[in-house]
1. What are the residue pairs meeting all of these: first residue in segment 67-90, first residue modelled with pLDDT of 60 or more, second residue in a helix (DSSP H, G or I), Cβ atoms under 6 Å, and 6 or more apart or on different chains?
2. Please state which of the following conditions residue 2 fails to meet, knowing it meets all the rest: (1) touching a helix residue (DSSP H, G or I) at 6+ places or on another chain (Cβ under 8 Å); (2) loosely packed, with under 13 Cβ neighbours inside 10 Å; (3) at pLDDT below 95.
3. Identify all residues within segment 1-44 that are assigned to a loop (DSSP other than H, G, I, E, B), without any contact (Cβ under 8 Å) to a residue 40 or more places away in the chain and under 13 Å from residue 61 (Cα atoms); write none if there are none.
4. Determine whether residue 53 is farther than 23 Å from residue 15 by Cβ and modelled with pLDDT of 95 or more.
5. For residue 63, only one of the following conditions fails: (1) in contact with a helix residue (DSSP H, G or I) (Cβ under 6 Å, 6 or more places away or on another chain); (2) over 20 Å from residue 19 (Cα atoms). What is its number?
6. Can you tell me which residues in segment 45-69 are assigned to a strand (DSSP E or B) and surrounded by 17 or more Cβ atoms within 10 Å (Cβ to Cβ)?
């Protein structure tokens, strides 16, 4: 599991055109926004794309001025990681 909390700043004059492009991206959810173009966005890994690749794609959307990573959480959910977590430490 890989979760990234980001602040995306979009040029206000293109916000109405840019916001839907961001919302339609797989693994992306907009949680809050302002009229001046600041968006609180959560990006997660999907079965096809790493969150880091999605963040790079967000940078390429016309109208996106900047994107900052404000929060990051990674947790290995593979069966092997779960097994290692149950093993006693020596």
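1. Taking only residues 6 or more apart or on different chains, the pairs are 67/58; 67/59.
2. Residue 2 satisfies every listed condition except (2).
3. Result: 24, 25.
4. Numbers: farther than 23 Å from residue 15 by Cβ: yes; modelled with pLDDT of 95 or more: yes.
Yes; evaluated as a whole, the condition is true for this residue.
5. Of (1) in contact with a helix residue (DSSP H, G or I) (Cβ under 6 Å, 6 or more places away or on another chain); (2) over 20 Å from residue 19 (Cα atoms), only one is false for residue 63: (2).
6. Correct list: 64, 67.
The values are calculated or read from the model by the stated rules, or taken from the named source; none is laboratory data. Everything quoted here is computed from the prediction, not taken from an experiment. A quick note on method: Cβ atoms are made from the backbone with ideal geometry, for glycine too, and the neighbour counts reach across all protein chains shown.
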